[in-house]
Amino acid sequence: MKKYILSLVLLGTLFVSISFISKTGSNDSSDYQSLYFNRVQEFKQKQKALFQLIDESDLSNEMQIEKIRGAIQQTRVQLKGVDFWMRYLEPISYKKINGPLPVEWETEVFEKHEAPYKREAAGLTLTYLYLEEEQIDKTELKRLIGESVVATNAYLADSITKHIRTYHHFYLCNRLYLLNLAAIYTTGFECPDTEQVLPELLRMLKDVDQLYAAYNKSFPETALNEEYLSLYKRTIEFVFNQSNDINTFDHFTFIQQYINPLYVLNQKMILEYNVSSKSMVDYSLNKNSTSIFDKDLYFAQNPKGIFSRVSDTVALKEINDLGKLLFYDPILSGNNLRSCASCHLPTQYFTDTTVQTALQFDRLNRLPRNTPSLINVRLNHLLMLDGAHITMQNQAKAVLINPIEMGSTEIEALRKVLNCKEYNTRFTKLLKYTPQETQITIDHLTSALTAYYTKFSNSYAPFDEAMIQKKAIDPVVQEGFNLFMSKAQCATCHFVPQFNGVKPPYVNSEFEVIGVPGDKQFAALSADKGRSTIYTSDEMHHAFRTGSIRNATYTKPYMHNGVFNNLTEVIEFYNNGGGVGRGLTVPNQTLSSDSLHLTPLEIKKIVVFIESLNENITFEKPPLQLPVSKDKMLLQRKVGGVY
Amino acid sequence: MYFRNICIVIVVVFISVLIVSSCVSQKKIEYVFPDAMAKPIQEEYYRLSEKGRVLYEINCASCHTKKVKGKMVIPDFTEEQMGAYSIRIANEIHEDKVSEARVSAEELNLITYFFTYKKKNKQ
């Protein structure tokens, strides 16, 4: 009897353990969550092995260093399997795992509302670059990898892994992945060895394909549809059939025929499945955008300002008309002789192409910086080349009260405007749209101004049309774009789709130090301190926010001080390695000082590509007259001002 | 005995909730400023808080102002709960209604002033 019971117990134990084993068995790579955990663990093991190897290596021995390089490469490849999740779920830890720059002045999440702080990156890219140094310190090398191992632990914390249990994060991770495929992954932005860019890309595409399969199995209700999956398979085939050289890779076709259509399908699924975000990563991205090249891909500025909730078309027209009058009205300046249109000429893409920098208020001296075009300002989170302002309305106010620009005061400007009966009546009628304000404020004026000039920022260029509608385009444009994305390294700072310094997930603007000279002879570095006048730091000396190259054909002269007169000069400047390449001392230059080895023909092709970014903007004629004032002095005002 | 005690507690709590809630009136918003705050600064914050109140009414009240015992009650939110711009992604409705395109950062600040200085509801 005892024997019988014992065998029964044994049998029971066996049954329980079998069921347990089979349960863990079914939880292998076919299960989405297990795939996540397995891949993070595998990556961590690779990182640890790399750390061990560094610890045991003799760094004076080139053979051993080569071995470390190999191990870094293997770890990078392993990273491609988890990159999809990591970048989205915890972007700050990611910088410790594969940060592109040793020191960055960045904000935690979103630059608009936080002061930047100095962040030291770590991880694989920096370790690889550090190995190129003449003196390699083992402690530093170990720190670079050690910190990345610690950072990886974040991805195993419950606060992160809880997101993996629902489907929402998946489509948002995927959106970021597709945007990075268009903007970063093929440019060598964070892959120091350009030969590895395409093999790593292919590996990532395949790893994500497996991830898709696991996801669809685990979340059949909200699965990726067949159309998406089949296009994705064709994307892998496309990359597989390309050569391994990024300089011959067809970036144009990759984005036009594959990545952008995949993005469109993913956006549809985001809406269809009611995907909801809980992450600051998605702060700026627009769920309703229908293409990567949609001007509303992300939201950066509120052009309507205080009138933001106005949707009534009659009122909007009135705001626009008042904004236009004010834009041309010198009443906003201290001496009633200058208007916004004095420097931002509406007939010249809202800049002034005839002067290097504009006249100061005193009509004698020149301003230190070139007048920026107002087209597409709304696509920047930080305004001005030093990022001084976070809203367009505050920026407008700053010009108004700047003693060397328009030389007025808020009170004076408002008083003079309201003394004109027409302005007073028309703005008073709009007061009902801003019930929080009992009277007309300077914000009503600046909001009308920004609403007016921003309407010229909604147009598309032939390049956008080629991308969005898959229209054919001049083959030279395509070649120029491919150079832009690869050999010329332009796209490592001017990111798809706006070709400004805002990169996925489009919440921050990048600032770069390129060593722009004070004059064309390169006698000295421009004295302008740039970003460091706003946030004092050594890294930010002479740093400027990366501008967009859209409409660049029509917005000469170029650079913050307007030192270059045509696009060829600008590209030559980069081709020669910026300021350092031309012999200037710029210890913190973020641009490589090596030559890009671009031929004159290649430069020409890049210029043709830039020309394809000229937007089809319809400009307007100036107003015929300005509102009459009770003040006799103000009756002399000229439309647009006199200087 | 034990059951009776619980019953008494429940009844007492119920009655006190009734009394308290009937006292709450949202017709006129009262503000409470720290005593240490100078009068002119109090007046400035009053002005800003009132702007915040209007913005709350426009953007938030349709979901957040609730009828409690026949009276419309504006809830209390701490500065921490307002959470700067993270409020924009607090939930699906906020993604749309409190998006940057609809409520600017400055306006969010005004709404936060309103909740900071608004007299708290009686518990």
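The values are calculated or read from the model by the stated rules, or taken from the named source; none is laboratory data. Note that this is a predicted model, so its numbers are computed, not measured. Please note: Cβ atoms are built from the backbone with ideal geometry, for glycine as well, and neighbour counts cover all protein chains shown. Quick note on the areas: whole protein, heavy atoms, side chains included, nothing else; ligands and nucleic acids left out. Shrake-Rupley method; radii C 1.70, N 1.55, O 1.52, S 1.80 Å.
Please enumerate the residues belonging to region A:571-627 that are under 30 Å from A:D321 (Cβ atoms) and touching a Leu at 6+ places or on another chain (Cβ under 7 Å). The answer is A:P623, A:L626, A:P627. Quick check on A:T533: is it at pLDDT 95 or above and either assigned by TED's automatic domain parsing to the domain that holds A:N482 or touching a strand residue (DSSP E or B) at 6+ places or on another chain (Cβ under 6 Å) (or both)? When the stated conditions are applied, A:T533 does not pass them. May I ask you to verify whether A:D352 is closer than 20 Å to A:S548 by Cα, modelled with pLDDT of 95 or more and open to solvent by less than 50 Å² (accessible area, probe 1.4 Å)? Here the answer is yes, as A:D352 does meet what is asked. Among the residues making up region A:425-470, a single one is within 14 Å of another protein chain (Cβ to nearest Cβ), touching a Phe, Trp or Tyr at 6+ places or on another chain (Cβ under 9 Å) and not in a helix (DSSP H, G or I): A:T434. For A:D245, the requirement of being assigned by TED's automatic domain parsing to the domain that holds A:R203, part of a loop (DSSP other than H, G, I, E, B) and out of contact with any Leu (no Cβ under 7 Å at 6 or more places or on another chain) is met.
Residue under question is A:N335, and the condition is that it be in contact (Cβ under 8 Å) with a residue 60 or more places away in the chain, open to solvent by 40 Å² or more (accessible area, probe 1.4 Å) and more than 19 Å from A:M384 (Cα to Cα); does it hold?
Working: in contact (Cβ under 8 Å) with a residue 60 or more places away in the chain: yes; open to solvent by 40 Å² or more (accessible area, probe 1.4 Å): yes; more than 19 Å from A:M384 (Cα to Cα): yes.
Here the answer is yes, as A:N335 does meet what is asked.
Among the residues examined, A:Y167 qualifies as open to solvent by 10 Å² or more (accessible area, probe 1.4 Å) and not acidic (D, E).
Checked against the criteria, A:T125 does not count as touching a Ser or Thr at 6+ places or on another chain (Cβ under 8 Å), closer than 28 Å to A:V496 by Cα and of a type in the set (V, I, T). The residue that is most open to solvent (accessible area, probe 1.4 Å), among those in region A:254-293 that are touching a residue at least 40 places away in the same chain (Cβ under 8 Å) and within 9 Å of chain B (Cβ to nearest Cβ), is A:K278.
Within region A:617-643, restricting attention to residues that are in a loop (DSSP other than H, G, I, E, B) and open to solvent by 90 Å² or more (accessible area, probe 1.4 Å), which residue is farthest from A:F499 (Cα to Cα)?
A:K630
Screening A:D296 on (1) within 12 Å of chain B (Cβ to nearest Cβ); (2) closer than 30 Å to A:R165 by Cα; (3) open to solvent by 20 Å² or more (accessible area, probe 1.4 Å) shows it passes everything except condition (2). The C-beta contact set for region A:306-318 (first residue more than 25 Å from A:K397 (Cβ to Cβ), second residue open to solvent by 60 Å² or more (accessible area, probe 1.4 Å) and hydroxyl-bearing (S, T, Y), distance under 9 angstrom, 6+ apart or interchain) comprises A:D312/A:Y433. Count of region A:62-77 residues, restricted to those that are crowded, with 20+ Cβ neighbours inside 10 Å, farther than 16 Å from A:I136 by Cβ and of a type outside the set (V, I, T), is 1. Taking the condition touching an Asp or Glu at 6+ places or on another chain (Cβ under 9 Å), surrounded by fewer than 22 Cβ atoms within 10 Å (Cβ to Cβ) and part of a helix (DSSP H, G or I), does A:A154 pass? Criteria met by A:A154. Within region B:52-63, can one find any residue that is within 10 Å of chain A (Cβ to nearest Cβ), open to solvent by less than 70 Å² (accessible area, probe 1.4 Å) and touching a residue at least 60 places away in the same chain (Cβ under 8 Å)? Yes, region B:52-63 has at least one match.
Confirm whether B:S49 is open to solvent by less than 50 Å² (accessible area, probe 1.4 Å), outside any helix (DSSP H, G or I), within 14 Å of chain A (Cβ to nearest Cβ) and hydroxyl-bearing (S, T, Y). Explain how you work it out, then say what you get.
Working: open to solvent by less than 50 Å² (accessible area, probe 1.4 Å): yes; outside any helix (DSSP H, G or I): no; within 14 Å of chain A (Cβ to nearest Cβ): yes; hydroxyl-bearing (S, T, Y): yes.
In short, no.
With respect to being in contact with a strand residue (DSSP E or B) (Cβ under 6 Å, 6 or more places away or on another chain), under 24 Å from A:T533 (Cβ atoms), polar (S, T, N, Q) and in contact (Cβ under 8 Å) with a residue 12 or more places away in the chain, A:Q395 fits the description. All conditions but one from (1) within 10 Å of chain A (Cβ to nearest Cβ); (2) touching a strand residue (DSSP E or B) at 6+ places or on another chain (Cβ under 8 Å) apply to B:K67; the one that does not is (1). When A:D193 is tested against (1) touching a helix residue (DSSP H, G or I) at 6+ places or on another chain (Cβ under 8 Å); (2) under 30 Å from A:N241 (Cβ atoms); (3) open to solvent by 60 Å² or more (accessible area, probe 1.4 Å), just one condition goes unmet, and that condition is (3). The single condition from (1) among the hydroxyl-bearing types (S, T, Y); (2) touching a helix residue (DSSP H, G or I) at 6+ places or on another chain (Cβ under 8 Å); (3) within 14 Å of chain B (Cβ to nearest Cβ) that A:S311 fails is (2).
Suppose the filter is outside the structural domain of A:M86 (by TED's automatic domain parsing), open to solvent by less than 20 Å² (accessible area, probe 1.4 Å), touching a Lys or Arg at 6+ places or on another chain (Cβ under 6 Å) and within 25 Å of A:L129 (Cα to Cα); does A:S509 pass it? Answer is yes for this residue. The set of residues from region B:54-103 being at pLDDT 90 or above and of a type in the set (S, T, Y) comprises B:Y56, B:S62, B:T65. Counting the residues of region A:583-616 that are open to solvent by 60 Å² or more (accessible area, probe 1.4 Å) and of a type in the set (D, E) gives 2.
Just to be sure before I move on: is A:S373 open to solvent by less than 10 Å² (accessible area, probe 1.4 Å) and touching a residue at least 40 places away in the same chain (Cβ under 8 Å) in the structure I sent? So A:S373 fails the test.
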